[in-house]
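What follows is a set of notes on a single structure, which appears directly below.
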């Protein structure tokens with residue numbers, strides 16, 4: 001009986017198709033374009049933080065009408081990560097690049 005089960009298993013394994021390299025999904029580039037609605041500081045969290053705070057160092061300022069690309073959010077769950085700009089909140093948009101950082105997501109609209 002064991003021999004028959006082993007033979008059946010081997011037959012099933014040989015029948016299953018092998019996925020081709022083209023079948024493996026590739027990572028799509030980030031294409032979420034946003035327009036900044038107010039002048040706001042782009043902040044970089046310190047080495048021991050994941051989410052920026054209003055006390056994090058400023059990398060640069062973004063002005064109303066600037067366009068950025070951002071595909072992810074950093075969410076601060078406690079009051080320390082809250083901001084008052086653009087109506088307030090605790091969700092920070094992550095801006096990539098050498099001069100990137102985090103900015104309040106309430107200050108963004110789809111471009």
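The values are calculated or read from the model by the stated rules, or taken from the named source; none is laboratory data. This is a predicted model, so every value here is computed, not measured. Every residue, glycine as well, gets a Cβ built from its backbone with ideal geometry; the counts of neighbours run over all protein chains shown.
Can residue 29 be described as farther than 30 Å from residue 89 by Cβ, at pLDDT below 90 and out of contact with any helix residue (DSSP H, G or I) (no Cβ under 8 Å at 6 or more places or on another chain)?
On the way: farther than 30 Å from residue 89 by Cβ: no; at pLDDT below 90: yes; out of contact with any helix residue (DSSP H, G or I) (no Cβ under 8 Å at 6 or more places or on another chain): yes.
Criteria not met by residue 29.
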Requested in this report: Grab the strands (runs of 3 or more DSSP E) fully contained in the range 50-111, keeping just those with 2 or more residues being touching a residue at least 40 places away in the same chain (Cβ under 8 Å).
Outcome: 58-62, 67-69, 91-95, 101-104, 108-110
Query raised in the report: Given the structure, is residue 21 surrounded by 10 or more Cβ atoms within 10 Å (Cβ to Cβ) and at pLDDT below 90?
Result: no
